Amino acid sequence: MIRIAAVGDIHMGPDTRGTLRPAFDTLPECADLLLLAGDLTRHGTVEEADVVADEIRGLGVPVVAVLGNHDHHDDRQDEVTAVLRDAGAHVLEGESAVVRAGDARVGVAGTKGFGGGFVGASAGEFGEPVMKEFVRLSRRCADGLRASLEKLGQEGCDVRIALTHYSPVPETLAGEPLEIYPFLGSYLLAEAIDTAGADLAVHGHAHAGSEHGMTTGGVKVRNVAQPVIGRAFHVYHLPVRDRVGAGTGTGAATV
Amino acid sequence: MNTQDAGSAGGTPAASSPEYRVAHLHDRLASGELGELGVRVEVRGGAVLVTGTVPSAQCREDVLSMVREELTGLEVHWDIVVSETASPDHAEELS
């Protein structure tokens, strides 16, 4: 069994310095790794990233993160990424990381993701250049997630997790105004997860959403935005299943 | 082209419409120095409801201060809480 701690949307700044560290210091007792689901800062400044870095440096469990839209606001996402990596975190954008949990190899594929909406009410690649680019960005993020998950499958990871900031499914947005769903996630992420296969999908972004959801392919989805979980992090116990073959989705392959 | 004053044309002056004022508040919360997208502001009946979770007590004060400034004269009810930073007391077993 893998113990996965996760939280997103911690929105740190100088006035919250050190507030999460006491809880994070308990991680080695209850978790094998910590996932950070984006929006780690408020405005994406290097100063705020430094606060996050101090919060996660030397925690005793591996830290795997994606950035969120807030982390892009100051247009310094590369510097924010560098600060977090310097503190020991894996920061993923269309990439993957493999960490050890006992004898198990845990693969995490990550992307910020983007909006566009969900099946039946989604944006199309049509019209003004900015509209087309909106949808293309979402598609690029989803493509990167799918390729990263497939790579983890080929590498024979015991467990594969999809980590995003934006939501892959509408269920975990329940509580948010329906009108803003297209800005909260995209079905393209869920399609990528179901195509490549994963054991769990974790995201943030929707502060007023709900914790539990599932993709069409049966992959469990958890919205770990801090306002949703009401804690410094949540812990999920994920069983290690016998894999039928590399590259197969857990939901479909092992039931 | 209509050169009449908004008032004499029978419309509501934009500046006093609660809906537009709430929309402008949303804009200011998001794109101003607070960068706050997690606060919900809704016109409900004759009042405005402000709800959400923010990262710190200072953020809460900053949001409330901006709300007071933008919505002066309107009845405002708020329920803004600060994020909980305690460790979880249980784990979820995923089958």
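The values are calculated or read from the model by the stated rules, or taken from the named source; none is laboratory data. Quick caveat, the model's predicted, so the values are computed rather than measured. With ideal geometry, Cβ positions are generated from the backbone for all residues, glycine too; neighbour counts draw on all protein chains shown.
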By my count, strands (runs of 3 or more DSSP E) wholly in the stretch A:131-247 with at least 3 residues that are away from chain B (no Cβ under 12 Å) and of a type in the set (A, V, I, L, M) are none
Exactly one of A:Val52, A:Val46, A:Val83 is free of Cβ contacts under 8 Å to residues at least 60 places away in the same chain, within 28 Å of B:Leu29 (Cα to Cα), of a type outside the set (S, T, N, Q) and surrounded by fewer than 20 Cβ atoms within 10 Å (Cβ to Cβ), and that one is A:Val46
Filtering the stretch A:147-156 down to residues that are surrounded by 24 or more Cβ atoms within 10 Å (Cβ to Cβ) and not hydroxyl-bearing (Ser, Thr, Tyr) yields A:Leu149, A:Leu152
Exception for A:Leu67 within (1) more than 18 Å from A:Leu238 (Cβ to Cβ); (2) surrounded by fewer than 21 Cβ atoms within 10 Å (Cβ to Cβ); (3) at pLDDT 95 or above falls at (2)
Considering the stretch A:191-210, residues that are buried (at least 18 other Cβ atoms within 10 Å of the Cβ) and free of Cβ contacts under 8 Å to residues at least 40 places away in the same chain, and then whichever is nearest to the chain's Cα centre (by Cα), we arrive at A:Ala206
Considering the stretch B:64-82, residues that are crowded, with 16+ Cβ neighbours inside 10 Å and touching a Gly at 6+ places or on another chain (Cβ under 8 Å), and then whichever is farthest from A:Glu55 (Cα to Cα), we arrive at B:Met66
Checking A:Ile180, A:Ile161 in turn, the sole residue that is among the β-branched types (Val, Ile, Thr) and farther than 21 Å from A:His70 by Cα turns out to be A:Ile161
Check your understanding: Does A:Val108 satisfy the criteria of being β-branched (Val, Ile, Thr), more than 21 Å from A:Ala6 (Cα to Cα) and not in a loop (DSSP other than H, G, I, E, B)?
Key -> no
Kindly check whether there is at least one residue in the stretch A:17-29 that is at the interface with chain B (Cβ under 9 Å from one of its Cβ atoms), in contact with a Lys or Arg (Cβ under 7 Å, 6 or more places away or on another chain) and part of a helix (DSSP H, G or I).
no
Checking A:Val135, A:Val108, A:Val80 in turn, the sole residue that is aliphatic (A, V, I, L, M) and touching a helix residue (DSSP H, G or I) at 6+ places or on another chain (Cβ under 7 Å) turns out to be A:Val80
Over the stretch B:51-95, the set of residues within 14 Å of another protein chain (Cβ to nearest Cβ), among the aliphatic types (A, V, I, L, M) and not in a helix (DSSP H, G or I) is B:Val54, B:Ile80, B:Val81, B:Val82, B:Ala86, B:Ala91, B:Leu94
Condition set among the charged types (D, E, K, R) and more than 10 Å from every other protein chain (Cβ to nearest Cβ), scope the stretch B:26-50, selection surrounded by the most Cβ atoms within 10 Å (Cβ to Cβ): answer is B:Arg28
